[in-house]
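Just so it is clear, none of the values below were taken in a lab; they were calculated from the coordinates. Keep in mind the model is a prediction, meaning the values are calculated, not measured. With ideal geometry, Cβ positions are generated from the backbone for all residues, glycine too; neighbour counts draw on all protein chains shown.
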Amino acid sequence: MHTKTAAEISQDLQAGKYTSVEITQVFLQRIKQIDSSLNSYITVSEEQALEQAKAADARRAAGNAGPLTGVPFAHKDIFCTDGIRTTCASRMLENFVPPYNSTVAQKLLDAGAVCLGKTNMDEFAMGSSNETSYFGAVKNPWELSRVSGGSSGGSAAAVAARLTPFATGTDTGGSIRQPAAFCGLTGLKPTYGRVSRLGVVAFASSLDQAGPMARTAEDAALMLQAMAGFDPKDSTCAERDVPDYLAALNQPLDGLRIGLPKEYFGADLDPAMADLIQAAIKELEALGAQVQEISLPNTALSVPAYYVIAPAEASANLSRFDGVRYGYRCENPTNLDDLYMRTRAEGFGDEVKRRILIGTYALSAGYYDAYYRKAQQIRRLIRDDFVKALESVDVILSPTTPGTAFNLNAMSADPVSMYLADLFTIPVNLAGLPAISMPAGLIDGLPAGLQLVGNYFEEARLLNIAHQFQQRTQWHTLAPQGVPV
Amino acid sequence: MEWEAVIGLEIHTQLSTKSKIFSGSSTAFGAEPNTQACAVDLAMPGMLPVLNEEAVRMAVMFGLAIEAEIGKRSVFDRKNYFYPDLPKGYQTSQFEFPIVGRGHVEIQLEDGTNKQIGVTRAHLEEDAGKSLHEDFHGMTGIDLNRAGTPLLEIVSEPDMRSAKEAVAYLRKIHSIVTYLGICDGNMAEGSMRCDCNVSVRPKGQKEFGTRTEIKNVNSFRFVERAINSEIQRQIEILEDGGRVIQETRLYDADKNETRSMRSKEFANDYRYFPCPDLLPVVIGDDYIEAIRQSLPELPEQKRQRFSEQYGLSDYDASVLSASRAMADYFERVAEVAGDAKLAANWVMVELSRLLNQNNLEIEQSPIPAEHLGQLIQRIRDNTISGKIAKQVFEDMWNGEGSPDHIIETKGLKQVTDTGAIEAVVDEIIAKNPAQVEQYRAADEDRRKKLIGFFVGQTMKASQGKANPQQVNEVLKKKLEG
């Protein structure tokens, strides 16, 4: 039962093959058996999950079940969940229980989906390896000595290990797509403003976007359908209708124009990755797509610009964690400064502190123009590059990451190298565009991801392409080898 | 040496929206601590601001009232600093692109001339909470009810040259915002607070001296006294050959002096940057025009109308239109009394005297406008004399109720019954034969003086209630007849 996709579970529940309580128990049991080797969950909310499952079964019996009613899933521990601890993988929020739901959590609750628990992540979503979590690193189910990716590494590992059919993630610079690539999943970062940010603990407000992580494009479509939509309580949320993502999955790809940015396919691209992408392109061509070279000339500026803008926003977003109202507070503060300094010194991990320092520096008097303002100008150039490119092609194709999952502790001493590895995903956040990562093959037994970037609010098109690709290929069906599946 | 002060004010005006600028919590004053603070105000994780459109509308109203440029694209910024009553660790404010740009107001100087004071800008921002240092042993209590209350910070040019001018400007702004109904103007409750930037320079010098900023002064009187004491302090330093240090100071009303709060070296670097949770506020000409059409009568327009409609002098009209509360009070009195000039007199003389003596604003008058109007009515319909009216007025001030009630219970109704007056007059004549003899022997001119004695005696005997005109007539008849 645990190997079924969300779409399959949805059909089975509808057909009455088993109940939501039964399938929920299967996953809860599996988490108990297997997760100690992965560390993908921070909190398993067994009691609430079974209550929700019971309610879902009752709802089905009453005849008003939707497609997600009774289907289990997991939340990245950045989504506030009413009555369920939400830690953001930080000591700062180790015991924080929100009295409210994020809009995404509420929407999934309204849809009747059953939340199994909260998944591990990099602390405050800052990291690309899930090694910055206060609750420990997550292991990659494909090879336990490797990272699961980050920051949504717990969600990725849990879905890949079949500890949940699908999970939510958030993506500020690649935090859905990179772990999806590392764990062999389909992960979608929607257009900025497609999904409400209300109740999602903020990292970098102008870049953060929540999205689905699943094994198949179909499951991602199912989940996005429930997550997306206007929220009057998020001023940056787009007031526009949500299309029928499932209905769009089966459109043919005839005439699809795919652009390959020459800046992404330089001589320094790993040959194995280059071959894998070429093979995937052949499949897409067989489906009717046409490929052409395009240019995104300011690509090289995107990582530096991102590492000014994201930390700058983060430095202010994380100021609220001061030990005054909620969250961690140091023992016996002697005065106000002591309270602030020790609370934040003890409550935040190194990577979070590093980014707060970078962001504070970039915004300081005398440096603002050189860093923050300049980075915003670069951001505009990068967006313009994409907008121009998307006039001549429908989607832009690249690897999701330069390589596959690296070894645990291999990069943690060299943060800049780790930052630079996000060069394919980061520009997309700066432009605010939607992008999907899907499994495109294995390199030395580890999954590699292919990224497609679409135009604003064209999530349906991306899911459609990924689904068609998955009708022709088997990469998304491969099971990881590091844990029993 | 002769010194000249240079003064600019930053006035923080609480806008009287029902809910906060970025959340749905109530802004009402005086509730139990932290009962009007929602998850947004508490800066709980993941909470987001949503701009209250009413605050924007009020800011635009103010901008139009001071003939300012309206920022058609204004941007909210984060002003970063740590303080326990600032839950997010930043204040959402406007820095580079405020909603109201350059404008101006006119103030009346003591010599009767007018002076224009420039307004540099006015921007929207959120208020912080309050730190409560009493009642918590060795700790500080935080009340976040006020956190997120919309503020319009109105920044003036350094155009004022004396504390009196500064107060006149503050009163003008106070009158404009209360006229517009965008602020209740209640300084005691902190609805308007003022930072005063003060420097001095030798008269005739062009360059400004080093300025200090006196934070958070919250009454007209304190603004005047704080600025005067700061001017004096700076002059003394300079005359002793010293240098004024640029710093933030606090005014101590008990000691009537300012003292240092923090110097510029320790000033915060606020690291302003555009708030990514809020979109730029873009407003169109239609929106601005619609607000312009809906603007209420402003002080200047009201002053003109008062002088035309009620025939008041320029001085009276400007005093009575100085605040909306004063104007509304006066108009209500005039309406009930049915005589605007009498109403103006009573408000400006008797009422103002007692208000000033007791340091009260017109809003705090213990006498409702209706009662003062009724009192004037009773004078006009001869129920009481002007002299008795002053007595009734004192009783009204002391909370004894409506004029009719006081007149009734104290039996102050004027005696107009001729028979009753004749009886009193007869008694007076009978008691004073010598004076009667003297009167009857006198010529016409002398009689005019002598009759005063009998009037006084009669009025005294009637406890002031006899109608003086009738007393005069009866006396003449009896003495001469």
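A compact table of results
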| item | result |
| --- | --- |
| Other-chain or far-sequence residues with amide H under 5 Å of A:Val114's (modelled H) | A:Gly70, A:Val71, A:Phe73 |
| Shape category assigned to chain B from the gyration tensor of Cα positions, a/c cut at 1.5 | prolate |
| Cβ-derived FRET efficiency at R0 25 Å, B:Glu427 paired with B:Gln469, nearest 0.05 | 0.80 |
| 5 angstrom amide H check on B:Met160, placed H, neighbours 5+ away | B:Ile7 |
| Segment B:280-393: translational diffusion in µm²/s, Stokes-Einstein, Kirkwood Rh over Cα pairs, 10 °C, 1.306 mPa s | 102 µm²/s |
| Order by protection proxy (mean Cβ within 10 Å, highest first), peptides B:344-352, A:201-209 | A:201-209, B:344-352 |
| Summed residue charge, Cβ within 15 Å of A:Ala15's Cβ, Lys/Arg positive, Asp/Glu negative | -1 |
| Segment B:3-289, relative contact order in percent, only Cα pairs under 8 angstrom and at least six apart counted | 25 percent |
| Partners for A:Lys54 among lysines (Cα-Cα distance below 29 Å; same-chain residues under 8 apart left out) | A:Lys4, A:Lys17, A:Lys32, A:Lys76, A:Lys107, A:Lys118 |
| Residue-count net charge about B:Thr113 - beta-carbon cut-off 15 Å; Lys, Arg +1, Asp, Glu -1 | -2 |
| MRE, 222 nm, helices only [DSSP H, n ≥ 4, -39500 (n - 2.57), over chain A, to nearest 500] | -11500 deg cm²/dmol |
| Other protein chain Cβ atoms within 10 Å, averaged over every residue that makes up A:358-365 | 3 |
| Relative contact order %, segment B:247-346, counting alpha carbon pairs below 8 Å whose residues are six or more apart | 13 percent |
| Tilt relative to chain B, helix B:299-310 - C-alpha long axis, 0 to 90 degrees, to 10 | 20 degrees |
| Ellipsoid equivalent to segment B:418-480 - semi-axes via the Cα gyration tensor, in Å | 18, 12, 10 |
| For A:Thr186, residues with placed amide H under 5 Å, excluding near neighbours | A:Ala214, A:Arg215, A:Thr216 |
| Residues A:Phe469, A:Phe166, sorted so that the one with the fewest Cβ neighbours within 10 Å comes first | A:Phe469, A:Phe166 |
| Neighbouring partner chain Cβ atoms per residue of A:226-233, average, 10 Å criterion | 1 |
| Degrees between helix B:468-480 axis and first principal axis of chain B (Cα, 0 to 90, nearest 10) | 20 degrees |
| Reference-scaled alpha-carbon Rg (2.2 N^0.38 Å with N residues) for segment A:313-416 | 1.54 |
| Nearby lysines by direct alpha-carbon distance to B:Lys79 (threshold 24 angstrom, same-chain neighbours under 8 apart not counted) | A:Lys233, A:Lys353, A:Lys374, B:Lys20, B:Lys88, B:Lys130, B:Lys215, B:Lys264 |
| Surrounding net charge for B:Thr458, when Lys and Arg each add one and Asp and Glu each subtract one, Cβ distance under 15 Å | +2 |
| Largest-first principal axis extents of the Cα set of chain A (Å) | 64, 54, 44 |
| Expected-Rg normalisation [2.2 N^0.38 Å, Cα atoms] applied to the protein assembly as shown | 1.28 |
| Whole-number percent relative contact order across chain A, with pairs defined as alpha carbons under 8 Å at least 6 apart | 18 percent |
